[in-house]
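Step one of this worksheet: look at the structure below.
Quick note: the coordinates plus some simple rules give every number you see, no bench work behind them. Just so it is clear, the structure is predicted and the values come from calculations on it, not from any experiment. Using ideal geometry, Cβ is built from the backbone for each residue, glycine included, and neighbour counts are taken over all protein chains shown.
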Amino acid sequence: MDKKLKCLIIDDEIAAHYVLVDYIAKLPYLELSGECFNAIDAIVFLHQNPIDLIFLDINMPDLSGLEFLKTLQNPPKVILTTAYKDYAIEGFELGVSDYLLKPIAFQRFAKATERVYNVVYSALNIVKNSESQYIFIKVERDNIKIMVEDIFYIQSEGNFSKIFLKDKFLLTSTTTSELENKLPHHLFMRIHKSYIVGLKKIERFDTKSVTVNNVYIPIGITYRREFAERVE
């Protein structure tokens with residue numbers, strides 16, 4: 001990875017800085033550009049320095065992380081880092097890339113930041129136009145355009161993937177990992193090694209499963225904490 005994401009830490013707790021600085025140093029695609037201990041200093045820093053990714057705490061004095069985020073007209077990518085799970089929905093409504101609960105495990109941190117890197121730099125990045133979002137997938141010999149909002153869930157099927165729309169599915173040789181990188185993270189989530197679901201398409205859920213378009217889909221054990229962080 002030749003390109004790096006320039007990172008800014010915004011957190012009022014020095015212990016949180018120690019953890020994030022250590023994690024950033026371990027990943028070759030991240031570069032620490034600055035540290036701020038309150039949102040006011042962060043506003044000044046952002047006016048003077050280009051940043052690709054912010055690690056943002058929520059509960060801070062004077063101006064909370066979410067209040068700070070609302071002041072930014074064109075914010076960089078943001079990963080919320082907090083001890084509180086109550087703000088996940090509001091965070092994703094503001095377009096954050098991920099929501100990490102403290103204490104943050106390195107594996108979870110690496111997964112979240114790699115996903116952001118892929119969104120920013122990957123050639124598989126989602127194509128955007130002024131009206132909507134779509135991706136192209138390979139179906140037999142053709143490249144088929146699919147509107148992101150039409151995708152309910154995706155299932156791994158051996159060396160292929162099934163993309164389920166409302167009344168049909170498409171079989172593609174594109175892997176679920178490639179599709180996961182193509183799709184906007186705030187709208188989709190892998191909840192099982194074999195399934196990616198559209199978060200807005202979930203009709204109901206419990207700790208072990210979700211229902212999408214009247215289809216029961218299990219939540220893998222290793223994905224349950226992340227799923228809880230995203231939806232609660």
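For the reader, a short list of remarks on this structure follows.
- Each label was represented as a point 7 Å from its Cα along the Cα-to-Cβ direction; for ASN59 and ARG225 these points are 1.9 nm apart.
- Taking the longest Cα principal axis of the chain as reference, the axis of helix 106-121 is set at about 80 degrees.
- The simple Förster model, with R0 at 35 Å and r as the Cβ-Cβ distance, assigns GLU140 and LEU72 a FRET efficiency of 0.20.
- Relative contact order %, region 5-121, counting alpha carbon pairs below 8 Å whose residues are six or more apart: 23
- For LYS145, the lysines whose Cα falls under 27 Å of its own Cα, not counting residues fewer than eight places away in the same chain, are LYS77, LYS128, LYS162, LYS166, LYS168, LYS182, LYS193, LYS200, LYS201.
- For the chain, the longest principal axis of the Cα atoms and the long axis of helix 39-48 meet at an angle of about 80 degrees.
- Between helix 14-26 and the chain: long-axis angle, C-alpha atoms, 0 to 90°, nearest 10: 50
- Here the spin labels are modelled as points 7 Å beyond Cα on the Cα-Cβ line, and at ILE14 and ILE89 they lie 3.8 nm apart.
- Simple label model, 7 Å out from Cα along Cβ direction - GLU157 to ARG204, nm: 2.8
- Which labelled figure in (i) -0.36, -0.72; (ii) -0.30, -0.68; (iii) -0.24, -0.59 is log10 I(q)/I(0) by the Debye sum over Cα atoms at q = 0.07, 0.11 Å⁻¹, once derived from the coordinates: (iii)
- Computed over the chain, the per-residue total of -39500 (n - 2.57) for DSSP H runs of n ≥ 4 gives a 222 nm mean residue ellipticity of -8500 deg cm²/dmol, rounded to 500.
- Listed residues ILE221, ILE40, ILE104, most fluctuating in the chain (Gaussian network, C-alpha, under 10 Å): ILE221
- Computed extension gain for LYS6 through ASN213, at 0.36 nm per residue and net of the alpha carbon distance, reaches 70.5 nm.
- A DSSP coil position with no more than 15 other Cβ atoms inside 10 Å describes the following trypsin sites (Lys or Arg not before Pro) in region 132-232: ARG141, LYS166, LYS168, LYS193, LYS208.
- Extension gain (nm, one decimal) between THR175 and GLU114, 0.36 nm per residue minus Cα-Cα: 20.2 nm
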